[in-house]
Amino acid sequence: MPASPLQRLLSSLSALALTLLLVVGLSGCVSTGLPAASASPWQPVDIHTKSNPLALAFTDSQHGFLVGSNRLILETDDGGASWEERALDLPAEENFRLISVDFSGDEGWIVGQPGLLLHSTDRGQSWSRLFLDTKLPGEPYLVTALGRSSAELATNVGAVYRTRDSGSSWQAEVEDAAGAVRDLRRSADGSYVSVSGLGNFFATWNPGEGVWTPHQRVSSQRLQAMGFQPDGSLWMLARGAQLRFSADANNADDWSKPIIPITNGYGYLDMAWDPSGTIWAGGGSGTLLSSADGGKTWRKDPVGAQQPTNFSRIAFLPDGKGFVLGERGSLLRWVG
């Protein structure tokens, strides 16, 4: 029997009410589903630039360098509370993206794209440009200072090289590159994890191994970034604002269920642990979250939320200093 006009009207009103209820409920999750912390351990630092800071390193507790896009290089002598611009002796017509910096005592290294390698032996007061072999697979991506005259260089296709003579020569540590990567991290013991350029798989490499070991992603969500937890096991960030943790440093295929702290339309780009063991995750549109209970519950950081930027890197140094790096000259400093 056909529905009467009254029945059709009631059905339409019911559907409309259900839709409104879902919209209200979902918008509530976005705006109020995650509590904000009452105070923040972060302090904004004005670095007087709109370039993107990408990496930083210190020679001691007070002195260090920050590098980034558009040949950005800044120096601090007060632990990162303030920064002053430095100049590099590079051709004016070349616009380098300085992507990684590291020090071991007075000896420092900077790598940039395209094809840039700089070396210092005097705490960064002067830098010498070393020319890389044109056959080097990929572009420099990550440099690690390993002691006097020694460093390790990884490229954006997963090639890993080591020098023991201040960069005069480089020896390959792995036979085959991992392929184009979107993210590459190194642990303190020399192990690496890389995320493929399309985010459809990741790969691991340990010192002494001849090749990278590929691993399938855990879900249909493409991978965004991966790194190492304090105990050496892995963490993973995927599209859809998903976080996962590995419980076993020796098993790169054993992962927790996905954790989605908040659905606000922005993904996460980095994760790190502060000196107390609290987890920090940062990402798009000022997203900066913390969890003091291993990822079970999360809070929004009020200072991070005020920054009109995308947080790309969170760095805690062995001596307790911490920084959050964001686009368009955004920098937060850990004050505890």
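Miscellaneous remarks
- Residues located in the range 102-116, provided they are aliphatic (A, V, I, L, M) and within 25 Å of Ser61 (Cα to Cα): Ile110, Val111
- Set Val211, Val160, Val193: member being in contact (Cβ under 8 Å) with a residue 40 or more places away in the chain, over 19 Å from Asp133 (Cα atoms) and among the β-branched types (Val, Ile, Thr): Val193
- Of the listed requirements (1) more than 24 Å from Leu146 (Cβ to Cβ); (2) in contact (Cβ under 8 Å) with a residue 24 or more places away in the chain; (3) not aromatic (Phe, Trp, Tyr), Gly64 misses just one: (1).
- Scan of the range 268-294 for residues that are of a type in the set (Val, Ile, Thr) and farther than 16 Å from Gly320 by Cβ, ordered by number: Ile279, Thr287
- Selection status of Leu132, assigned to a loop (DSSP other than H, G, I, E, B), among the aliphatic types (A, V, I, L, M), in contact with a Leu (Cβ under 8 Å, 6 or more places away or on another chain) and on the phi < 0 side of the Ramachandran plot: yes
- Listed conditions (1) touching a residue at least 40 places away in the same chain (Cβ under 8 Å); (2) assigned to a loop (DSSP other than H, G, I, E, B); (3) farther than 25 Å from Arg129 by Cα are all met by Ser166, apart from (3).
- Members of the range 136-161 that are more than 23 Å from the chain's Cα centre (by Cα) and under 18 Å from Ile99 (Cα atoms): Leu136
- Sub-7 Å Cβ pairs linking a first residue in the range 102-114 that is part of a loop (DSSP other than H, G, I, E, B) to a second residue that is surrounded by fewer than 17 Cβ atoms within 10 Å (Cβ to Cβ) and among the aliphatic types (A, V, I, L, M), at least 6 apart or interchain, number zero.
- Hits in the range 273-309 - residues which are within 18 Å of Pro44 (Cβ to Cβ) and of a type in the set (A, V, I, L, M, F, W, C): Trp280, Leu288, Leu289, Val303, Ala305
- Filter pass, Gly167 being touching a His at 6+ places or on another chain (Cβ under 6 Å), among the small types (Gly, Ala, Ser) and at pLDDT 95 or above: yes
- Residue match in the range 137-148 (condition: in contact (Cβ under 8 Å) with a residue 24 or more places away in the chain and polar (S, T, N, Q)): yes
The rows are residues; the columns are (1) in contact with a Ser or Thr (Cβ under 9 Å, 6 or more places away or on another chain); (2) small (Gly, Ala, Ser); (3) farther than 29 Å from Glu327 by Cβ; (4) surrounded by fewer than 21 Cβ atoms within 10 Å (Cβ to Cβ).
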position	(1), (2), (3), (4)
Glu94	no, no, no, yes
Leu98	yes, no, no, no
Gly105	yes, yes, yes, yes
Pro114	no, no, no, yes
Leu117	no, no, no, no
Asp122	no, no, yes, yes
Leu132	no, no, no, yes
Lys135	no, no, yes, yes
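- Number of positions in the range 230-245 that are out of contact with any strand residue (DSSP E or B) (no Cβ under 8 Å at 6 or more places or on another chain) and touching a residue at least 40 places away in the same chain (Cβ under 8 Å): 1
- Just one of (1) under 19 Å from the mean Cα position of the chain (by Cα); (2) farther than 30 Å from Gly240 by Cβ fails for Phe96. It is (1).
- Count of the range 137-160 residues which are surrounded by fewer than 19 Cβ atoms within 10 Å (Cβ to Cβ), in contact with an Asp or Glu (Cβ under 8 Å, 6 or more places away or on another chain) and not in a strand (DSSP E or B): 2
- Filter result for Arg185 (over 24 Å from Gln229 (Cα atoms) and of a type in the set (Lys, Arg)): no
The values are calculated or read from the model by the stated rules, or taken from the named source; none is laboratory data. This structure is a prediction, so every number in the text was calculated from the model and none was measured. Here the Cβ is made from the backbone with ideal geometry for all residues, glycine too, and neighbour counts use every protein chain on show.
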